[in-house]
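K.L.:
Encoded as structure tokens, here's the structure I'll be asking about.
Each value in this text was obtained by applying a stated rule to the coordinates, not by laboratory testing. Since the model is a prediction, treat every value here as computed from it, not as a measurement. So basically every Cβ, Gly included, is an ideal-geometry build from the backbone, and we count neighbours across all protein chains shown.
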Amino acid sequence: MAAILGRGENSDDLVELTALAESAGAIVVDRFQQKLHSINPSTYIGKGKVEELAERVKRLKSDVVIFDNDLSPAQIRDLEEIIKVKVLDRSELILDIFATRAKTKQAKVQVELAQLEYTYPRLAQMWSHLDTLAGAGGATPAGAVGAIGTRGPGEQQLEIDRRLVSKRILDLKRELADIDKRKVREIDGRREMFKVCIVGYTNAGKSTLLNALTSAEAFVEDRLFATLDTKTKKWTPYRGIEILLSDTVGFVKNLPHQLVASFKATLEEAVNADLLLHVIDVANPEVSKQIEAVNIVLAEIGCGQKPILEVFNKTDIVKNISELEVLQTLYPKAISVSAKTGIGLVKLSDAVTEKYKGGEVLLRIVSNQSNGKIQSYLRAHGNIIEERYLDNSVVIDARLGKNQLPALQKLQPQSLEIIN
């Protein structure tokens, strides 16, 4: 059982922390906030609030207290001494959730690296005493018979821990670098295909949308960070159009920077995508804050200037219609859908297809009659309007997307003219 504590005046600020705690398996029994003009360097919150918190914890028999703010190790230690139960901050909670969700080797390595990078700068304050460990030849019975070279003052436990953690971090970074190289090679192998990546706040319905469009059978559950691994499937919205559609790990406000850095390989799909589908849960009362949080993470990973198509999901369960209308005004090109019921998916397919084509052009192509690849390509990816055969050549009038012109030119037509 957990008690939730936050800094601020709006109780809605703790809604997400409550959901995060429940996603981690906790039963939330109490939550409250304190408005702070200044942070107490020892316990973060005021002395009176700590005493009130301790009383509530004892009365409700809570096992853990979770803060919606990042705490220093010293603050956690001082709080635990007073409250007498475990204290977690927001980043630790998110890291813990990621650790329980990690299923693949890649995800486990990414999470472990994030946890160690979060812990490393805090090691000094995690020790309430820094006893010197005697060497094998020190003032211990064993030291009396120690071999030459083993005697010495020993070293602080902190330094041992720092070395161990530092070495493990280096090992994990090397492992992730290899994963990243493989990921880049995979993406390079798809260079010729149009790549669309689904991004968005956690639990916005990204995996549900992937399943609805591709029958991917991605794991779906109504909880935060249900999936951590990227899943990529081929999507054919219309005849002749093949798109690689990827689903990524969900974002959240104040996402620990260690997670963003360690999940670089997972987020590589977004970095290299031709188009991002930003799935937005318009039924969530915190929708505006969620949009802002996603945009911050996208900018952080280098996707701030990528072409983005906003997708308003869960429109079938929206209660605040006026807020939805405001969002539609702010994002006039957004597509409203319900990934669960299928509403709006045809319109979404049309919008993505338009992005895929980059606008259509009317072409006149002259080709050798023996070059059947050109006609096959036009039938598969465009629309042939007329064909005229002259001696050994064929003149073809066709419509084709601008983005598909380079592939057509590689098939070496005798001439290619854009009519309009």
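K.L.:
Packing-wise, with mean Cβ within 10 Å as the measure, how do 358-364, 163-169, 312-318 rank, highest first?
P.N.:
Working: 358-364: 15.6, 163-169: 12.9, 312-318: 19.4.
Highest to lowest by the protection proxy: 312-318, 358-364, 163-169.
K.L.:
How long is the gain from K234 to E175 if the chain were fully straight, where each residue apart is worth 0.36 nm and the alpha carbon distance is subtracted? It would help to have the intermediate numbers written out before the result.
P.N.:
On the way: separation 59, 0.36 × 59 = 21.24 nm, distance 2.83 nm.
Net length gain for the segment: 18.4 nm.
K.L.:
Find the relative contact order for the stretch 358-418 and round it to a whole percent, using C-alpha pairs within less than 8 Å whose residues are 6+ positions apart. Before the final figure, lay out the partial values.
P.N.:
Values: 104 pairs, mean separation 30.9, N = 61.
Contact order relative to length: 51 percent.
K.L.:
Please name which of G200, A273, N295 has its Cα lying farthest along the dipole of the stretch 191-356 towards the positive end, using unit charges on Cβ (Lys, Arg +1; Asp, Glu -1) and the Cα centre as origin.
P.N.:
A273
K.L.:
To make sure I understand, if each residue's beta carbon is the centre and we count other beta carbons within 10 Å, what order do T248, T119, T236 fall in, fewest to most? Could you put the intermediate results ahead of the total?
P.N.:
Values: T248 24, T119 17, T236 12.
Ranked by crowding around the Cβ, least crowded first: T236, T119, T248.
K.L.:
Counting only DSSP beta bridges with both residues in the stretch 191-356, what percent are antiparallel, rounded to the nearest 5? All intermediate terms of the calculation are to be shown ahead of the outcome.
P.N.:
Working: 6 of 25 bridges.
Around 25 percent of the beta bridges assigned by DSSP in the stretch 191-356 are antiparallel ones.
K.L.:
Give the calculated FRET efficiency between K373 and D70 to the nearest 0.05, with a Förster radius of 51 Å applied to their Cβ-Cβ distance.
P.N.:
Values: r = 59 Å, r/R0 = 1.16.
E between K373 and D70, to the nearest 0.05, is 0.30.
K.L.:
Find how much the distance from T104 to K410 grows on full extension, using 0.36 nm per residue of separation minus their present alpha carbon separation; answer in nm with one decimal.
P.N.:
106.2 nm
K.L.:
Going by how many other beta carbons lie within 10 Å of each one, how would you line up S246, S338, fewest first? Write out the running numbers ahead of the final one.
P.N.:
Values: S246 25, S338 21.
Fewest-to-most ranking of S246, S338: S338, S246.
K.L.:
What is the stretch 2-88's relative contact order, in percent, from Cα pairs under 8 angstrom and six or more apart in sequence?
P.N.:
Details: 119 pairs, mean separation 30.4, N = 87.
35 percent.
K.L.:
Just to confirm a number: summing +1 for Lys and Arg and -1 for Asp and Glu over residues other than L277 whose beta-carbon lies under 15 angstrom from that of L277, what do you get? Intermediate results must be reported in sequence, preceding the final value.
P.N.:
Values: positive: K195, K206, K231, K233, K306, K314, K333, K347, K355; negative: D247, E269, D274, D281, E310, D350, E354.
Summing Lys and Arg as +1 and Asp and Glu as -1 gives +2.
K.L.:
Please list the non-local residues whose amide H lies under 5 Å from the amide H of S393, H modeled 1.01 Å from N, same-chain partners needing a gap of 5 or more.
P.N.:
Q369
K.L.:
Calculated FRET efficiency, A54 and I343, Cβ-Cβ r, R0 35 Å, to nearest 0.05?
P.N.:
Here the calculated transfer efficiency is 0.10.
K.L.:
Still on this structure, I have one more. Give me I385, I396 sorted ascending by neighbouring Cβ count inside 10 Å, so fewest comes first.
P.N.:
Working: I385 13, I396 21.
Neighbour counts put them in this order, fewest first: I385, I396.
K.L.:
Another question about this same structure. Calculated FRET efficiency, A380 and I296, Cβ-Cβ r, R0 51 Å, to nearest 0.05?
P.N.:
The value I calculate is 0.80.
K.L.:
Additional query: Taking one equal scatterer on every alpha-carbon of the stretch 2-88, how large is log10 of I(q)/I(0) by Debye at q = 0.15 1/Å?
P.N.:
The calculated log intensity ratios at q = 0.15 Å⁻¹ are -0.49.
K.L.:
Using θ = phi - 60° and the Karplus relation 6.51 cos²θ - 1.76 cosθ + 1.60, list the HN-Hα couplings for the stretch 69-76 in order, rounded to whole Hz, with x at every Gly or Pro.
P.N.:
Calculated HN-Hα couplings, in order: 9, 7, 10, 7, x, 5, 5, 4 Hz.
K.L.:
Now, a different point. Order these peptides, 93-106, 274-287, by their mean beta-carbon neighbour count within 10 angstrom, highest first.
P.N.:
Values: 93-106: 17.9, 274-287: 21.1.
The densest-packed peptide leads the list: 274-287, 93-106.
K.L.:
Also, quick follow-up: By how many nm would the segment from D30 to V260 grow when fully extended, if each residue of separation counts as 0.36 nm and the alpha-carbon distance is taken off? Please report the intermediate quantities before stating the final value.
P.N.:
Numbers: separation 230, 0.36 × 230 = 82.80 nm, distance 3.05 nm.
Between D30 and V260, full extension yields 79.8 nm more.
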